[in-house]
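Okay, so here's the structure we're looking at.
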């Protein structure tokens, strides 16, 4: 138990240190670009801190795999350099058991990464986008309203953002379609408001398209069903890149979506597959435990570093293919982790026996 705590602490301290350094570097580079804008908005130091806090979950999500790679290499190289692994193996502790005793540290990073991917990053990016828009300086020429087109089930919607909360839209046009994709009705309203758990179209006009004629009409208010969730509306009009898994799941189930289904399917699978990179990195750097620096072990260290970087690049390629619909979403999200986890386990089996 004491040995496990020592090994786990050794890895955890170095991984967290690497994570802090990487996040700090990206944070500084980001702040160099936006600090002037923040100060021009008269938000002061508090605004800079607020921006940095909202950006932190996304930066943690980006750097977690690299932190595991760098911190793990430092920890494993230290154990090999001090001949601690030789002593442990002489006492009957195999490399597999050493990795197993260090695995809780990797699982802790996986849990942090999962929290950022599933909840923290999407919500913080949307909050940052809303805060950035809300604090924009007023100009003599108002900024052009943002108009987006998106789908809600089979319907096509074109609307303009009227409220950053996602509860009010203006200049709304809804094109209803049948199962064959033919338009059956067009609704136009100056405004749509989400209240009492549903959407209401204000002063809408409608055109019912029949086989031989078009019936027109107008009413004071009308329910819009099925309507999008306010959080999905915020995601569509936001410039944030991260997509909450819940939004992706609703888009696949017929909710509001502005991109192809393959994009949302890949995003949903990636929200679970990406945190597994911590365990993949642990397997890829496992051979470092068995190196001998006096016998040219530095080449193994470089090979493990290269394998981790190649894994990240390959994972990105598979993701791009999945988002473009070239390969299934499950394959896009899980292929690279599965392949490189198998390679790392195979290398460890070959070296340890």
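The values are calculated or read from the model by the stated rules, or taken from the named source; none is laboratory data. In this text the structure is predicted, and so the values were computed from the model without any measurement. Note that each Cβ is placed from the backbone with ideal geometry, even for glycine, and that neighbours are counted across all protein chains shown.
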Subject >> Residue satisfying condition, being surrounded by fewer than 17 Cβ atoms within 10 Å (Cβ to Cβ), modelled with pLDDT under 90 and either out of contact with any strand residue (DSSP E or B) (no Cβ under 8 Å at 6 or more places or on another chain) or closer than 23 Å to residue 123 by Cα (or both), within set 241, 161 >> reply: 241
Original post:
What are the residues in segment 302-320 that are farther than 17 Å from residue 278 by Cβ and either in contact with a helix residue (DSSP H, G or I) (Cβ under 6 Å, 6 or more places away or on another chain) or not assigned by TED's automatic domain parsing to the domain that holds residue 271 (or both), if any?
Top reply: 318, 319
**OP:** Give just the number: which of (1) without any contact (Cβ under 8 Å) to a residue 12 or more places away in the chain; (2) more than 19 Å from residue 121 (Cβ to Cβ) does residue 49 not satisfy?
**Re:** (2)
**OP:** Please work out if residue 330 is in a helix (DSSP H, G or I) and either crowded, with 23+ Cβ neighbours inside 10 Å or in contact (Cβ under 8 Å) with a residue 40 or more places away in the chain (or both).
**Re:** yes
**OP:** Run residue 130 past the list (1) surrounded by 14 or more Cβ atoms within 10 Å (Cβ to Cβ); (2) touching a residue at least 40 places away in the same chain (Cβ under 8 Å); (3) assigned to a strand (DSSP E or B) and report the number of the one that doesn't hold.
**Re:** (3)
**OP:** Go over the candidates 151, 186, 176 one by one and state the one that is part of a strand (DSSP E or B), under 21 Å from residue 238 (Cα atoms) and not assigned by TED's automatic domain parsing to the domain that holds residue 125.
**Re:** 151
**OP:** Please state which one of 43, 3, 39, 22 is surrounded by fewer than 18 Cβ atoms within 10 Å (Cβ to Cβ) and free of Cβ contacts under 8 Å to residues at least 60 places away in the same chain.
**Re:** 39
Subject >> Residues within segment 213-238 that are crowded, with 21+ Cβ neighbours inside 10 Å, over 20 Å from the mean Cα position of the chain (by Cα) and not in a loop (DSSP other than H, G, I, E, B), tallied >> reply: 1
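Check 69, 109, 114 and return the single one that is assigned to a helix (DSSP H, G or I), within 29 Å of residue 232 (Cβ to Cβ) and touching a residue at least 12 places away in the same chain (Cβ under 8 Å).
On the way: 69 fails: within 29 Å of residue 232 (Cβ to Cβ); 109 fails: within 29 Å of residue 232 (Cβ to Cβ).
Checking each option against the conditions leaves just 114.
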Original post:
Out of all the residues in segment 248-266, is one or more in contact (Cβ under 8 Å) with a residue 24 or more places away in the chain, surrounded by 17 or more Cβ atoms within 10 Å (Cβ to Cβ) and over 19 Å from the mean Cα position of the chain (by Cα)?
Top reply: yes
Original post:
Do we find a residue being surrounded by 15 or more Cβ atoms within 10 Å (Cβ to Cβ), within 30 Å of residue 82 (Cα to Cα) and under 17 Å from the mean Cα position of the chain (by Cα) anywhere in segment 288-307?
Top reply: no
